[in-house]
Every structure is written in structure tokens, then in C-alpha cells.
Amino acid sequence: MQASSSDDPSYSQSSPPGGRRAQWKGVYSGRWGVAGSSSFSGVQSNPEDPSGGEAKKENRVIVLYLDLSFLLLLELKKMSMTRGCLLCIKITMFIFNLIFWLGGCGILGVGVWLAVTQGKFATLSISFPSLSAASLFMLTGSIIMVVGFIGCLGAVTEHRCLLLTFFVVLLIIFLLEMISMILFLTYKEEFHNYAQEDLKKGLKLYRTDGNLGLTNAWDIVQTEFRCCGVKNYTDWLDVWNASYVPHSCCSEHHDDCHSTPSSWWRDPCYMKVKEWVGHNMSSVGIFGICILVVQVFGLVFSMLMYCQVLKAELYYE
């Protein structure tokens, strides 16, 4: 009679219970340290064998070292990317502000040249006596130079205070320009009426002591634009309470042309200048749009660099 498999001595219960399961458990738990009786290689070690415990500790140290090295490499990569972005923005902002500063120097130079060599081009307004071409160029150039210098210095030194100062100053200038533009478009007619009345009051200072610049300015405007008076030639008659006008109103110059109405220019100077500005409005508009675009780029670059410098400082801390 054939013996059953249970009677076979080779099939006895002397083998460890669940041996195959324990062996596979050791393979997966040795890597992550789930089961305390397994090593890194996945082979079960004898709890009484001291070499198995030392190998397990050594393997855990190696795994921890590799994990820390991987995290360190990730942080170094992030820092290098941050520094790369900061360097790119830094170079772009420096070049932008250098061009901005050089433009301010050029505008200031034009203003100084007008003030020194072309002093006869003075203002026609008595309410704003300093509102002349030379003073406007010098003021605009000085502001641009200061703002550009702050931007260049902030870009080179990566100083957050300078970058924030540059951003705030440029933002204030930008907002003032936008507000002025909106007010001018909203109250355009009121502005034209006020300007005409102010210019008409300035006619009273023509050929008076201490107003040589205003006198020369009116003569140049009436000669170049072939006009007479603010609204018409009668402005001179009302101001002087006389029947003659300046010689610059004459289309034909002779000794008695200032008292001969047939030889006077009939066009008003304010309308002639207004038409001239209208014909050149496209150039003025393009120039104004370029200024606004440059200012917007300056605001964007300064804020980007400020954020990148702040992020880099946080990484180093």
C-alpha cells in the first residue's frame, strides 16, 4: 500500500513555518526597513548573528545618505535656476536704465544749450514764467537722469531698497502722466480758453522793461507762423488802446507797416500753433507712447528683480 505524503519524512513539519512567505517578506522589507528581521539584501538574518544587525544599520545609513544627497542636489538646482534668472533680469535692467540715463543726459544737454545759446526763446505765459522750452528740457532730463541712476545702482548692487525706490518713483511719474493726460482730455476746451486768456494778458508786457525774452518770443512766433495776436490782430489794439500793431505782424515790412491794416497778418497765432501741433500729433503721440512703454518695462523689470533678490536671500538664509 502506498504511503501518504503525510507519512513521508521529507514532508515533515520541521521546516520553518511560512518559510517562503518570510523570505519574500524579507526581500521587500529589507529595502525600506519595515521588518526588523530583514537585511538590505533581502535575506533573513539570524537574530543571534551580530553581523546581520551591523549590515542592516550600515545599509540604512547609505540609504539616508543617498536621500539627503538627492534633496541637496534638488536645492542646488533650484538655487542655480534662481541665480540664473536673477542674472538675466539684472543685465536687462542695467542696460535699460543705462539707456534711460543716457537719454536723460541728452535731454538735459539740449535744455542747457537752449538756455545758453537760444535765450530769446522764452515763455509766452505770464502765469508760468519758467515754462519755457529750455526749462522743460532741463527739468525732464534731470528727472530722467536721477531715476536712471537709481535703477542702474539698484541693478548692480542688487539692493532691495534701491530697487523699491526706483519702482516707487517711476510709478509716481507714470501715474502723474496718466492723470495729466486724462485731465487734459476731459477739460480740453477749458484748457484752450485759459491758455488764450493767459497769452492775451502777456501782450501787455510786450516791449516793457525786464521782458525782453517775451518780446522776442512773440516776434518770432508771429514772423514764423505769419500770424498776429492770440485770437486775431485786434488783441494788440485792445491791449495798447491804439491803432497799430508790432512790426512782426506785418506781411510787408516798411516804416509805416505797423499802422497800415492792409499789411497785417490776419490769422490768429493760437490757432496757427494749434494746427501745427495737430499736424505733428502723430510724432508727438509716438514719442509719448514710447515713453510710456519704456516706463512700463522699467516697472516690470524692477519688480521682477526685487522678487528674485528677495527669493535668493531667502534661499541663502
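Before moving on, here are some points about what is shown:
- Of the residues making up segment 82-128, those that are modelled with pLDDT of 80 or more and of a type in the set (S, T, N, Q) are T92, N97.
- Restricting segment 190-209 to residues that are of a type in the set (S, T, Y) and either free of Cβ contacts under 8 Å to residues at least 24 places away in the same chain or touching a Cys at 6+ places or on another chain (Cβ under 8 Å) (or both), the residue that is surrounded by the most Cβ atoms within 10 Å (Cβ to Cβ) is Y194.
- Single residue of segment 226-242 satisfying the filter (open to solvent by 40 Å² or more (accessible area, probe 1.4 Å) and touching a Phe, Trp or Tyr at 6+ places or on another chain (Cβ under 6 Å)) that is farthest from E197 (Cα to Cα): R226
- Within segment 291-309, tally of residues that are of a type in the set (S, T, Y) and either surrounded by fewer than 16 Cβ atoms within 10 Å (Cβ to Cβ) or within 15 Å of W101 (Cβ to Cβ) (or both): 1
- A residue that is in contact with a helix residue (DSSP H, G or I) (Cβ under 9 Å, 6 or more places away or on another chain) and modelled with pLDDT of 85 or more cannot be found anywhere in segment 275-292.
Residue by residue, here is whether (1) over 16 Å from K201 (Cα atoms); (2) within 44 Å of the chain's Cα centre (by Cα); (3) in a loop (DSSP other than H, G, I, E, B) holds:
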{"residue": "I220", "(1), (2), (3)": "yes, yes, no"}
{"residue": "C227", "(1), (2), (3)": "yes, yes, yes"}
{"residue": "V230", "(1), (2), (3)": "no, yes, yes"}
{"residue": "L237", "(1), (2), (3)": "no, no, no"}
{"residue": "Y244", "(1), (2), (3)": "yes, no, yes"}
{"residue": "R266", "(1), (2), (3)": "yes, no, yes"}
{"residue": "W276", "(1), (2), (3)": "yes, yes, no"}
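- Looking only at segment 246-264, and only at residues there that are assigned to a loop (DSSP other than H, G, I, E, B), open to solvent by less than 60 Å² (accessible area, probe 1.4 Å) and of a type outside the set (V, I, T), the one that is nearest to T223 (Cα to Cα): S251
- Only one of the listed residues (M138, M178) is at pLDDT 85 or above, closer than 22 Å to N211 by Cβ and part of a helix (DSSP H, G or I). That residue is M138.
- Qualifying residues in segment 210-225 (those that are out of contact with any Phe, Trp or Tyr (no Cβ under 6 Å at 6 or more places or on another chain), surrounded by 14 or more Cβ atoms within 10 Å (Cβ to Cβ) and of a type outside the set (A, V, I, L, M, F, W, C)) - the one nearest to V273 (Cα to Cα): Q222
- Meets criteria (of a type outside the set (V, I, T), in a helix (DSSP H, G or I) and touching a residue at least 24 places away in the same chain (Cβ under 8 Å)) for L304: yes
The values are calculated or read from the model by the stated rules, or taken from the named source; none is laboratory data. Source: prediction; values computed, not measured. Neighbour counts run over all protein chains shown; Cβ positions are idealised from the backbone, glycine included. Calculation scope for accessible area: heavy atoms of the full protein, side chains included, ligands and nucleic acids excluded. Shrake-Rupley method; radii C 1.70, N 1.55, O 1.52, S 1.80 Å.
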